[in-house]
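A quick write-up on the structure given underneath.
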Amino acid sequence: MSAEARFAAGDWYAVVGESATVLLPGSQRGRVAALWDLADSGAGADDLLDALLAGGLSSLDHFALVAHGDDATRLIVRGAPTATVSATSGEELVTAAPGTAWAERLVTGVTSVRVTLTGDGATDHVLTPGLARVSAVEFGTPSASGPSGSRPADEGRRAPAVQPEAAPPPAPPMHFGEPEDDPTPTGETPAVQGDWPDLDGHTRAGVPVPDFDRPPIPGHEVAPDVVSQPVASLVFSTGDVVAVDRTVLVGRAPEARRFASQDQPHVVTVPSPHQEISSTHLEIRPGAGADHGSAIATDLGSTNGTVLAQPGLDAEELRPGIAVSLIPGAVLDLGDGVTIQVTNP
């Protein structure tokens, strides 16, 4: 089977190793770090399955595991996931029957495997080793029809992911304040003037403050305003893909007024129907000093906070104003179902 792997953005976790991938609902965040530690070290399907079961099967209603061998592909599904396996012998739909522990198949001659978790989105994003938030994943050469066969017209350009139609599993609980407590309210200030485009119709800008001190990691120098090569790519659950070659501001109506006109950042507006995301919620920018070549993230004093899950580490809530270095596979959860996956540029 081809090594090609792609995904549709969503709320499930994909723990992707070189030879095996584990798919878990958002409620299983606590298992992700340990599984990634194993997957990153080259663990196979048996070791990953042992780690999954170590926490007890009764608390693990849904998961899927796909392992690629030289001669065969091993597939395990439990609960909600369904898998379509295309092989030289034909196509098979694998689901776990009610009352069974799971369904397991060992298939030879596999050309593609699509595991659907929520919805039926097109797998438009490249899946690489690390962590991703997904609604479906696909390995190998897709079929010529249906959502799994959809591809961007230009393979060099990422197409927006189709949002799943079914409601995703609930995100881990966060403490939410009242919308009126938002410390970064949207101001009625004029739009950015000059050559910088208003990408979303919601960007606001005011009088530039050239001496704005973006908070670096303590003891580290601040990176240049624009770097020659992106240090990372940001894959949003909304389908947007943004290169980190300068500061990126994210929020439900982000403001760029703290930047001088020549330093204008990328501005990304994300939906927040419950106003869990602050107007200017999060900053991601190129690192400097010891973090040169990496992206770093800073919560800008958002009302409800930002949760960061890094490969091999426990999930943590960012401290406002404290920059944290990001590694490929990291996932930032802003609330209201909006996540950002950090990938290599």
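Bear in mind these aren't lab numbers, they're just calculated from the coordinates by the rules spelled out. Everything numeric in this text was worked out from a predicted model, so none of it was measured. Don't worry about glycine lacking a Cβ; one is built from the backbone with ideal geometry, like all the others, and counts go over all protein chains shown.
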Exposure proxy check: LEU35, LEU334 ranked by fewest other beta carbons within 10 Å?
LEU35, LEU334
On full extension of the chain, what length is gained from GLU316 through ALA101, given 0.36 nm per residue of separation minus the C-alpha to C-alpha distance?
74.2 nm
Descending semi-axes in whole angstrom, ellipsoid equivalent of the range 227-345, from the Cα gyration tensor
19, 18, 13
In order through the range 51-67: 3J(HN,Hα) via Karplus (6.51 cos²θ - 1.76 cosθ + 1.60), integer Hz, x for Gly, Pro:
5, 4, 6, 4, x, x, 6, 5, 9, 10, 6, 9, 6, 9, 9, 10, 10
Any idea how far the Cα center of the range 27-64 sits from the one of the range 297-318, in Å?
22
Name the residue from ILE296, GLY321, VAL270 whose Cα lies farthest towards the positive end of the charge dipole of the range 245-329, charges +1 on Cβ of Lys and Arg and -1 on Cβ of Asp and Glu.
VAL270
Phi-based couplings in Hz for the range 317-332 (Karplus 6.51, -1.76, 1.60; Gly and Pro marked x)
9, 5, 7, x, x, 9, 6, 10, 6, 10, 10, x, x, 5, 10, 9
Under 5 Å, built H, 5+ apart or other chain: amide partners of ASP11:
VAL134
Can you put ARG285, ARG252, ARG29 in order of Cβ neighbours within 10 angstrom, beginning with the fewest?
ARG29, ARG252, ARG285
